[in-house]
Amino acid sequence: MTKDSNRFETVIRLIDEANEADPNQEKWQDSLHPKEWLYSQRMTAWLKRVYPNASEELQLAAHAQHICRWAIPRSDYPMDKVGYHKWRRELQVFHASKAGELMEQVGYDADSILKVQALLQKKNLRKDPVCQQLEDVICLVFLDHYFDAFAEKHADEKVVDILQKTWRKMTATGQAEALKIKFPVRAESLLQKALS
């Protein structure tokens with residue numbers, strides 16, 4: 001796909017505008033921000049850092065990863081493993097649909113839209129290196145920005161289990177980047193335990 005910078009910048013802006021409607025706020029650098037808008041900025045920042053030559057489809061998928069996520073709350077599903085997986089699957093379809101609508105609106109062709117939608121739905125995760133790059137970025141954003149808060153709410157055993165699962169999802173490139181993150185003392189200790 002030949003990159004049309006105006007089209008690309010427009011769809012990024014539309015994703016941002018959609019996410020700015022998030023009623024949930026998160027504090028970052030002394031300011032409150034819409035939660036999913038902030039998440040998309042973090043996804044894009046990590047993608048540029050780890051995969052600076054990412055395809056346009058991967059850039060769009062990373063930025064749209066949680067587009068309008070608040071519209072399908074976790075609380076609408078049973079609070080068990082089955083409910084969690086159903087929620088996640090329906091979110092993936094929802095995010096893919098929203099991203100596709102915005103891409104179509106600014107003139108992307110069907111092939112490009114399908115590629116972004118496949119990435120957002122993690123199709124062929126283990127076989128598609130581009131999808132695996134997206135998974136690296138998702139894991140890195142979690143570890144860098146959300147892991148410490150997650151660790152504070154859960155017992156060590158659960159945190160170690162989640163860390164091990166997260167680690168297995170990443171490529172060697174993602175793992176190497178994760179080891180560069182500066183974690184608080186407890187989080188660092190749990191990471192070392194998970195990796196030992």
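Rule-based calculations on the coordinates, nothing more; no lab input. Keep in mind that what you see is a predicted model, and the values were worked out from it rather than measured. When we count neighbours, we look across all protein chains shown, and the Cβ atoms used for this are built from the backbone with ideal geometry, even at glycine.
Observations, loosely collected:
- Taken over the Cα atoms of the range 64-137, the convex hull encloses 96 Å³ per residue.
- Degrees between helix 35-50 axis and first principal axis of the chain (Cα, 0 to 90, nearest 10): 90 degrees
- Cα-Cα over 27 Å, subset of LYS35/LYS127; LYS48/LYS158; LYS127/LYS165; LYS122/LYS158; LYS27/LYS182; LYS48/LYS182: LYS35/LYS127; LYS48/LYS158
- Across the chain, Cα-Cα pairs farther apart than 28 Å form 27% of the total.
- Counted charge near ARG126, where neighbours are those whose Cβ lies closer than 15 Å (Asp, Glu -1; Lys, Arg +1): +3
- Cβ charges +1 (Lys, Arg) and -1 (Asp, Glu), total dipole of the range 52-186, debye: 480 debye
- For the chain, calculated [θ]222 nm from helices alone, where every DSSP H run of n ≥ 4 adds -39500 (n - 2.57): -20500 deg cm²/dmol
- Taking label points 7 Å from Cα along the Cα-to-Cβ direction, SER5 and VAL185 give a separation of 4.9 nm.
- Residue separation of TYR146 and THR171 scaled by 0.36 nm, minus their Cα-Cα distance, works out to 7.0 nm of gained length.
- Ranked for footprinting exposure by Cβ neighbours inside 10 Å, fewest first, MET43, MET103, MET79, MET170 give MET79, MET170, MET43, MET103.
- Rounded to the nearest 20 debye, the dipole magnitude of the range 83-139 is 380 debye, with +1 charges on Lys and Arg beta carbons, -1 on Asp and Glu beta carbons, and the Cα centre as origin.
- For the residues LYS158, LYS122, LYS81, a GNM of the chain with alpha-carbon springs under 10 Å puts the largest fluctuation on LYS81.
- Computed 3J(HN,Hα) for the range 144-149, one whole-Hz value per residue from the Karplus formula 6.51 cos²θ - 1.76 cosθ + 1.60 where θ = phi - 60°, is 6, 10, 10, 5, 4, 5, glycine and proline marked x.
- Built amide H within the under 5 Å cut-off of TRP28, gap 5+: HIS33
- Cα-based Rg and Dmax for the range 112-174, where Dmax is the largest Cα-Cα distance (Å): 13.5, 43
- Gained length - TYR77 relative to GLU157, 0.36 nm times residue gap less alpha-carbon distance: 26.3 nm
- D_trans [Stokes-Einstein, Kirkwood Rh over alpha-carbon pairs] for the range 1-69, 4 °C, 1.567 mPa s, µm² s⁻¹: 103 µm²/s
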